[in-house]
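Trainee: Pasting in a structure now, in structure tokens, and then I'll have a few things to ask.
The values are calculated or read from the model by the stated rules, or taken from the named source; none is laboratory data. Note that the structure is a prediction, hence the values are computed from the model and not measured. Here the Cβ positions follow ideal geometry from the backbone for every residue, glycine too, while neighbour counts run over all protein chains shown. When the accessible area is computed, the model is the full protein with side chains, heavy atoms only, and any ligands, DNA or RNA have been set aside. Shrake-Rupley method; radii C 1.70, N 1.55, O 1.52, S 1.80 Å.
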Amino acid sequence: MIRTLLSAAVGLLFIACSNGTTDKTMLVSGQVKGLKKGTLYLQHLPDSVLVVVDSLEIDGDGNFSFQTELESPEIFYLYLAKKDNNDINDRITFFGEPGTITINTKWNTFDSDAKITGSKTHKIWEEYRKTMSNFNKRNLAIIQNSMNAETPLDSIQLDSLQRVSDKNAKRGYAFAINFALNNKNSYLAPYIAVHEISDANPKYLDSINKSLTPEVAGSKYGKELAEFLKDFEN
């Protein structure tokens, strides 16, 4: 029985290797509905420079597939260079991770209509962004109220709006910090700390760092957070 199970395991490993996939392989596939011509690029930021991982020329068929290896979940971009001389709404941002990720969208609403499945980290990120967008909308409304006033606002009114804006910003930071702490086993936690609230009080960032599970702490963004705090101390 043991010999049979061992043979089966070796067989599965052989199949995976023959297909060029490992437990660190990310497969990104899907369809850009209505796209006839254009170029799709899979991109990421290994450091501070945007790098093209792979590209695909689309000619009459909006189906696509990319495959790449990654050490740990990180932010990726699916960029569409369309033949319409319009660079607006042409980049989809998603949290990539090993496994199969499916992205389906439309050519004319490329980023806004994107449906992304298969990434556990991305699902948590969508939950985070949904709430954070409410804080951003609130702040935008405050700015619009000050600009659309029929008569210029006096200093007292402006100070009042500033206090409301500051309070809203603090609530946003508090939410982000608590979200990271409550998701210490997610690769999103250190990402939020480094790329969303890096100007927060260092003691809160340190709390996030100390709460991370060993696996997350050893990931790309976990290491970035540790280095950020180390540089801050120096």
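Trainee: Only one of 137, 120, 115, 106 is under 20 Å from residue 191 (Cα atoms) and of a type outside the set (A, V, I, L, M); which?
Mentor: Result of the check over 137, 120, 115, 106: 120.
Trainee: Here's something else I'd like to know. Tell me, please, whether a residue that is without any contact (Cβ under 8 Å) to a residue 60 or more places away in the chain, of a type in the set (Val, Ile, Thr), loosely packed, with under 15 Cβ neighbours inside 10 Å and under 30 Å from residue 62 (Cβ atoms) can be found in the range 95-108.
Mentor: No, there is no match, as no residue in the range 95-108 is without any contact (Cβ under 8 Å) to a residue 60 or more places away in the chain, of a type in the set (Val, Ile, Thr), loosely packed, with under 15 Cβ neighbours inside 10 Å and under 30 Å from residue 62 (Cβ atoms).
Trainee: Scanning the range 19-39 for residues that are assigned to a loop (DSSP other than H, G, I, E, B) and touching a residue at least 24 places away in the same chain (Cβ under 8 Å), which turns out nearest to residue 78 (Cα to Cα)?
Mentor: Checked the range 19-39; the qualifying residue nearest to residue 78 (Cα to Cα) is 35.
Conditions (1) within 21 Å of residue 33 (Cβ to Cβ); (2) among the polar types (S, T, N, Q), marked per residue:
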{"position": "109", "(1), (2)": "yes, yes"}
{"position": "113", "(1), (2)": "yes, no"}
{"position": "116", "(1), (2)": "yes, no"}
{"position": "120", "(1), (2)": "no, no"}
{"position": "123", "(1), (2)": "no, no"}
{"position": "140", "(1), (2)": "no, no"}
{"position": "152", "(1), (2)": "no, no"}
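Trainee: Sticking with this one: Take the conditions modelled with pLDDT of 95 or more and either out of contact with any Asp or Glu (no Cβ under 9 Å at 6 or more places or on another chain) or at negative phi (or both) and apply them to residue 76. Does it pass?
Mentor: When the stated conditions are applied, residue 76 passes them.
Trainee: Among the listed residues 30, 99, identify the single one that is at pLDDT 95 or above, more than 17 Å from residue 114 (Cβ to Cβ), among the small types (Gly, Ala, Ser) and within 19 Å of the chain's Cα centre (by Cα).
Mentor: 99
Trainee: Quick test for you: out of 186, 165, 133, pick the one residue that is surrounded by 13 or more Cβ atoms within 10 Å (Cβ to Cβ), of a type in the set (Gly, Ala, Ser) and without any contact (Cβ under 8 Å) to a residue 60 or more places away in the chain.
Mentor: 165
Trainee: Out of all the residues in the range 64-82, which are open to solvent by less than 30 Å² (accessible area, probe 1.4 Å) and under 21 Å from residue 222 (Cβ atoms)?
Mentor: 68, 70, 72, 73, 74, 75, 76
Trainee: I've got another one for you. For the range 58-69, give me the residue count where each residue is out of contact with any Leu (no Cβ under 6 Å at 6 or more places or on another chain) and modelled with pLDDT under 95.
Mentor: Counting residues in the range 58-69 that are out of contact with any Leu (no Cβ under 6 Å at 6 or more places or on another chain) and modelled with pLDDT under 95 gives 3.
Table: residues versus (1) among the hydrophobic types (A, V, I, L, M, F, W, C); (2) open to solvent by less than 40 Å² (accessible area, probe 1.4 Å); (3) under 24 Å from residue 45 (Cβ atoms); (4) within 23 Å of the chain's Cα centre (by Cα).
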site	(1), (2), (3), (4)
141	yes, yes, no, no
173	no, no, yes, yes
176	yes, yes, yes, yes
199	no, no, yes, yes
205	yes, yes, yes, yes
214	no, no, no, yes
218	no, no, yes, yes
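Trainee: Further question on the same structure: In the range 38-63, which residue that is more than 23 Å from the chain's Cα centre (by Cα) and open to solvent by 60 Å² or more (accessible area, probe 1.4 Å) is nearest to residue 220 (Cα to Cα)?
Mentor: Selected residue: 57.
Trainee: Among the residues that make up the range 84-95, is at least one of them within 30 Å of residue 178 (Cβ to Cβ), in contact with a Gly (Cβ under 7 Å, 6 or more places away or on another chain) and of a type outside the set (Ser, Thr, Tyr)?
Mentor: Within the range 84-95, not a single residue is within 30 Å of residue 178 (Cβ to Cβ), in contact with a Gly (Cβ under 7 Å, 6 or more places away or on another chain) and of a type outside the set (Ser, Thr, Tyr).
Trainee: Report the residue count in the range 109-122 for those that are surrounded by 15 or more Cβ atoms within 10 Å (Cβ to Cβ) and at pLDDT 95 or above.
Mentor: 6
Trainee: For the range 40-59, which residues satisfy the criterion of being over 12 Å from residue 28 (Cα atoms), assigned to a strand (DSSP E or B) and among the acidic types (Asp, Glu)?
Mentor: If the condition is that a residue be over 12 Å from residue 28 (Cα atoms), assigned to a strand (DSSP E or B) and among the acidic types (Asp, Glu), then 57, 59 are the ones that fit.
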